[in-house]
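Take a look at the structure below.
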Amino acid sequence: MSGRGKYFVKDHKPFQMETYSNYPQPLLDAMSVTRMVGPKGVLQEGDIRVTGFSLEPGAFYDDHVHPHPEIYIFLTGTAECQWGDEGFTAEPGTVTHCPPNLPHAMRVTSDEPLTAYIIGWAPGGDQEALNSPSVLLGGGRL
């Protein structure tokens, strides 16, 4: 059976982004994404995005914001996280909600990559918000 159909995808491959918003190259080198569902996904959908996400051991993803909400489902690895004014440890099985424009950051603390599915959606059908890139704020809160 093929790795892709009208309603499914198998064997999706992660890739590193060469450029993205105002992200520095060391962060891009430590990060891999798989666009599974969404406007730029293997399965095309305009109002929701499902992304496979990986961050290498020791990587620091500093405070960033975006105008769409997200849910993270952490699969492997651990990270110290800061969502707004709340700090927590993400580990396999942790599920988080990130409201629009909430600064959030993470630092991978495990010896294995941190992996997660990230589900973002167009709030109130606002596809422009979903398609707007994240903006790195910096600040180094972790």
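Here are the numbers:
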read-out: Qualifying residue in the range 29-38 (condition: at pLDDT below 95, in a loop (DSSP other than H, G, I, E, B) and either of a type in the set (Lys, Arg) or in contact with a Leu (Cβ under 8 Å, 6 or more places away or on another chain) (or both)); value: no
read-out: Residue count for the range 74-106, restricted to those that are among the aromatic types (Phe, Trp, Tyr) and free of Cβ contacts under 8 Å to residues at least 12 places away in the same chain; value: 1
read-out: Of all residues making up the range 109-126, the number that are under 21 Å from Val50 (Cα atoms) and surrounded by 14 or more Cβ atoms within 10 Å (Cβ to Cβ); value: 12
read-out: Total residues in the range 46-73, condition farther than 18 Å from His12 by Cα, without any contact (Cβ under 8 Å) to a residue 60 or more places away in the chain, assigned to a strand (DSSP E or B) and among the hydrophobic types (A, V, I, L, M, F, W, C); value: 1
read-out: Test for Gly138: is it of a type in the set (Gly, Ala, Ser), loosely packed, with under 15 Cβ neighbours inside 10 Å and part of a strand (DSSP E or B); value: no
read-out: Which numbered condition Gly41 misses (of (1) under 14 Å from the mean Cα position of the chain (by Cα); (2) outside any loop (DSSP other than H, G, I, E, B); (3) surrounded by 15 or more Cβ atoms within 10 Å (Cβ to Cβ)); value: (2)
read-out: Within the range 76-112, tally of residues that are assigned to a strand (DSSP E or B), of a type in the set (Val, Ile, Thr) and within 30 Å of Gly124 (Cα to Cα); value: 2
read-out: Selection within the range 69-104 - in contact with a Lys or Arg (Cβ under 7 Å, 6 or more places away or on another chain) and either within 10 Å of Thr115 (Cα to Cα) or small (Gly, Ala, Ser) (or both); value: Ala79
read-out: Test: residue in the range 121-129 that is within 29 Å of Lys13 (Cβ to Cβ), part of a strand (DSSP E or B) and among the small types (Gly, Ala, Ser); value: no
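Matching residues to (1) surrounded by fewer than 15 Cβ atoms within 10 Å (Cβ to Cβ); (2) at positive phi; (3) of a type in the set (Val, Ile, Thr):
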| position | (1), (2), (3) |
| --- | --- |
| Gly3 | yes, no, no |
| Glu18 | yes, no, no |
| Val50 | no, no, yes |
| Tyr61 | no, no, no |
| Thr94 | no, no, yes |
| Asn101 | yes, yes, no |
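The values are calculated or read from the model by the stated rules, or taken from the named source; none is laboratory data. From a predicted model like this one, the values you see are computed outputs, not experimental measurements. Positions of Cβ are generated from backbone atoms using ideal geometry, with glycine treated the same way; all protein chains shown enter the neighbour counts.
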